[in-house]
1. Scan region B:107-144 for residues that are more than 17 Å from the chain's Cα centre (by Cα) and within 14 Å of chain A (Cβ to nearest Cβ) and jot them down.
2. Please enumerate the residues belonging to region C:211-255 that are more than 19 Å from C:GLY275 (Cβ to Cβ) and part of a helix (DSSP H, G or I).
3. Would region A:115-131 turn up any residue that is open to solvent by 20 Å² or more (accessible area, probe 1.4 Å) and more than 30 Å from A:GLU382 (Cα to Cα)?
4. Only one of (1) open to solvent by less than 20 Å² (accessible area, probe 1.4 Å); (2) within 21 Å of C:ASN68 (Cβ to Cβ); (3) not in a strand (DSSP E or B) fails for C:THR156. Which number is that?
5. Is it the case that some residue within region C:68-91 is of a type outside the set (D, E, K, R), buried (at least 24 other Cβ atoms within 10 Å of the Cβ) and touching a residue at least 60 places away in the same chain (Cβ under 8 Å)?
6. Output the residues belonging to region C:187-210 that are part of a helix (DSSP H, G or I) and charged (D, E, K, R).
7. Exactly one of (1) crowded, with 18+ Cβ neighbours inside 10 Å; (2) away from chain B (no Cβ under 14 Å) is unmet by A:THR218. Its number?
8. Of all the residues that make up region A:1-41, how many are crowded, with 18+ Cβ neighbours inside 10 Å and either among the hydroxyl-bearing types (Ser, Thr, Tyr) or free of Cβ contacts under 8 Å to residues at least 12 places away in the same chain (or both)?
Amino acid sequence: MGRLYAIEVIYRGIFQKQLATRITRSIVLAAHEEGKLGISFGRYGDSPERNGIPAKGFAIVADDQLTLEEGMAKYEPKEVDVTIAVDDTLCKGVESWAWYGLQPVNKLLKPGGTLLVTSREQPETILQMAHRKETPYNLAILKGTVSFSGLWVYKDDHTDVRILGAIAKILPGLFTLKSVQKTIVDQWNDSVKAESAARAYERISSVAVRPDQGNPETPYKFNFPKWHEMGEGIAIPSIPAGKAIEDPTTHESGGFRPDRNPTFKKYTTRTMRPVVNFDTCIKCTLCWLQCPDSCFDVTPEGLYDANMQACCGCGVCEAVCPVKDCVTMVNETAFEDNASQWEAWRKDKKGYEAWLADKIKSRPERSHGFRYRGQYEEQVPEMLEVARKG
Amino acid sequence: MATATYVEEQRSTDKTALITGSEAIAVACKLADVDVITAYPIRPYDTVMQYICKLVANGEMDCEYIVAEGEHSQFEIVKHASACGARVFCGSSGVGWMYAMEALTVTPALRIPMVAMVGNRALDDPGAFGVEHNDALTVRDLGWQLVWVDSAQEALDTALIAYRVSEDRRIFLPCAISCDGAFLTHSQALVKVPSQEKVNEFLPRYNRADLLLHPDNPITVAPQGNEDWVMEIRRQNYAAMERSSLVLKEAYADFERIFGRSYGNPFFEEYETEDADIVLMGMGTLSTPVKVAIRQMRKAGKRVGFVRMRWFRPFAAAELAKSLGRFKAVGVIDRDYSFGSPYMSGVLTTEVRSALYSAPGSKPPVLGFIAGLGGREVTVPDVEKVANSVYEAADGKSQPLTQWIGLRE
Amino acid sequence: MATYIQIDPTQKLDPFKSVKKLPLEEYFTSGHRTCQGCESALVMKMMAKAAGPRSIILGSTGCMYVANTTYYSTSWVVPWMHTQLGSSGSAALGTSAALKVLMRKGKIKNEPINVIAFCGDGGGADMGVGAISATLTHAEYNSLILMYDNESYANTDIQLSGSTPWGANTTFSSPGKVKRIMHRRWKKNMAGMMAAGHPECKYVATICMSYGLHGMNSIRKALAIGGPTFIHSLDPCPKGWDYDPYLSHEMGELAVNSGVWPLYEVENGLLRLTGRTEQIAAGKIRRVPVRDYLLKQGRFAHFTNDDIDYFQSKIDDMWEKWLIPGVIPFRRDVEADTPPSS
């Protein structure tokens, strides 16, 4: 039996579909340069992909056909050598749209495997998000702005090739930098991309992660019922209507909070979340009314509190809010919990003001995708600059 | 070709009427107080909808009578009506049934009770109107209960039984009643029409219970499921079909008690089998020429019997195998085809063979005969030809496993 | 005069006065797995809010089936049932007929219950158009068929439908080295077709939930007027149209303000242009160039200036040459249609 390699790419549905596919395909092609065999596939359960909803792609490579079949015999790998998270907010976990529960980003990593993350953050920030793992593993950060683009227009910012270069360093047995560069030139006939891969190869470094490091929370789990425990006729109970909210200070109740779906949450489906300045809110209702995810709870005094169980971070609330900086989208990496902002504000307005100012300050530009023709061409040089600096 | 069935007079309040099999089912719908009915033209089944139209127009029946724009909608409309607690009736023939196939697929999957009449008709092309059983048989794997009747009386009685079983909370699966085109749908016979009181006693009101789609019972029905769920959902429907045999037996027993008419074994009818050496098998109205032929052959000293399959789904495999084990050989006459099937036999033949294969006890040879396609007459000489071949097999002489009967060759 | 058609009473659904007077309750809530910024999910939420708790909703196959209700989970508070891709019309008819007869026979409590069947543009403008048309001729059955139009089979992977705009990039019309424009059909005019072809249908409207109050009040009108009704909603789709989800609301406004998506209603045969469209028609506001709408969407990224000009000219025709601007494409005189060579 030869050696079997498995690599997974965790990515944001649609926004990084092309990116993930390029990576998994190129891994197989680069390994094939050295006579290895492999397959590349996306997790079927994630299809059809939804914008921003976590999805997975895999590359399985082996020295020979029989070993490869060992890997192909599984619906998807049960353990991987490298997990690539092409968006750092995915380190909070993976909730596929069609699957239940929250899967830690490092769940499939072999002992001593490597979690490779595209990010501008420091390891500390990443480890605050990633759940703890019983066995030690390595964390490698590929410095760079997270690469998002749309379904039809690919933003060629070299993220794909930089990751390939990094893998050659992280998993030397898989393929050499030389093979990676040959694959890049063969596919895209672009020597500059080949150079980017080499730079990533030289720069990439990793830190060891101990079992006591990381987010201590136990991720949300779901237990599947037996066939005779399920209702017949493919029928399930509807969601209860919801009820008024109680004010944490006055204990008066009013407003309305829709009952939240008990089995589907959106904790990991967002890259940004809205923060609300309740003091400047004019109660125009637009954020609440125009939210496709019904994520705003209506408070007793008629304010709107974004409920993090339901928010997927589309940013429409910010777009429709007529008051400057009343609703502001902030990078998800800046948050450690999903607590109610309104309750915090009710309990301590001064403290909330400071908290809010701090969050809004640390707000990087985050484009989900195509905003206007020519936008990507404008973004790419800056992103390459960040990459060059490392 | 008429198969006017002679109905023995019974001491009862029942009225005798001279009606077709289609009309008999229309009468059953009236007696069952069906709520929603959808029609679309295709022969031969649509005669039932013509009769129902008259019943509604004459104020004899109160229901929503909707003429759809195609069979797909015809079956989707009643599917949704049944989900809201309405007793429904529908039907089709030949390619019309095929046009509705998507709706026919989801109806049992959703555990929707429905009674449908299939006026068996050859599939296109060449667009013959005559009987062939392939249309109804296409849904045999999907959770439909399938029954073939051979008289107008049986059509009426079976329709009432079908509602009772289909709407039983333990089952909640649709039921298709197959009536041979022309022989049943277009020929009139004397039929006992039971009183409304008896029907009310036999047939409880449809209660959709926990699966009722109504604001007072807020449920979500049939969300999209992936591989984490499909096995469990299919297993539930497997269990429902498994229970169907039991509920059918209960229904037939109650039917006999209330209506004073017995069908004996609900699943298949045996004719002259007590002392038979060999038996012939088949479904639907070919029972008439077969029975006549048997009477003649018996005069000539040939001990031939007949087993008419009534319920094809559920298929009473164990009981059938036990019965067939008594004979030296079996000849199955299929009014259908299954090109490329094992030994190129018809559908019923193949099912009978598989029922016997895994059963304990003796396994007589089973010969397949394809006859009467597209409504061609199955004659008494045809039946004798079949019997002769089966006798040869009984004597250990090799015979083809599939033969075409009544073919110009 | 004798009445041959018995239309049952409907719920009294007065228009919502303002966004500040909307009921707080949601009947379509969180837990769906639609895309970030999904306007169709917003349509579902507002549709359920407009209809209220005494409603039954039927959903044909599409995004709003697959993404909203993944088995063992649901986003619906009111009863909901799946129907087949082409069956929104049949589902509405069957449900309405059942309620009507069961109430008449006293088998269930007699009360007005809203019946809404929704479909996407694939289920409505393509496969289901026959069943919808049939249902709109059954005047005695109260129901609303709402077509949420995101201009492609967005759930199955963004394939073109009869409702996809000319030239758009979809997985069945992706531009290549030789052919730039693979989709050469113009968008089907569903609302106009339904209004013109079904004299017994009392209400047909076009909406866009970027104008939520307007859309919800159209839905309430459609449910209250009695008989079968049809609403065509244009839903910007960040996934298939390929734009940043935060633009979803603005994209709907651009569709209306560029004149690409006229808002109107036909109530008891009376045509009324509504919302911004009315102001455009009255010359109170100018149409914004279609270019501003197209260039924000990746699905038109391959368009040349000629393509954009052609698109603009077709929209201009709709406003200047159609006998009933934006509604029915009948013309006074025939002109050659000259699309750019692809």
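1. Passing the criteria: B:THR107, B:ALA109, B:LEU110, B:ARG111, B:ILE112.
2. The answer is C:LEU223, C:ALA224, C:PRO238, C:LYS239, C:GLY240, C:TRP241, C:ASP242, C:PRO245, C:TYR246, C:LEU247.
3. No, every residue in region A:115-131 fails to be open to solvent by 20 Å² or more (accessible area, probe 1.4 Å) and more than 30 Å from A:GLU382 (Cα to Cα).
4. (1)
5. Among the residues of region C:68-91, not one is of a type outside the set (D, E, K, R), buried (at least 24 other Cβ atoms within 10 Å of the Cβ) and touching a residue at least 60 places away in the same chain (Cβ under 8 Å), which makes the answer no.
6. First, pick out the residues of region C:187-210 that are part of a helix (DSSP H, G or I): C:190-197, C:209-210.
Correct list: empty.
7. (1)
8. The qualifying residues number 5.
The values are calculated or read from the model by the stated rules, or taken from the named source; none is laboratory data. What you see is a predicted model; the values in this text were computed from it and never measured. Glycine also receives a Cβ, built like all others from the backbone with ideal geometry; neighbour counts cover every protein chain displayed. Areas reflect the complete protein model, heavy atoms only, side chains present, ligands, DNA and RNA absent. Shrake-Rupley method; radii C 1.70, N 1.55, O 1.52, S 1.80 Å.
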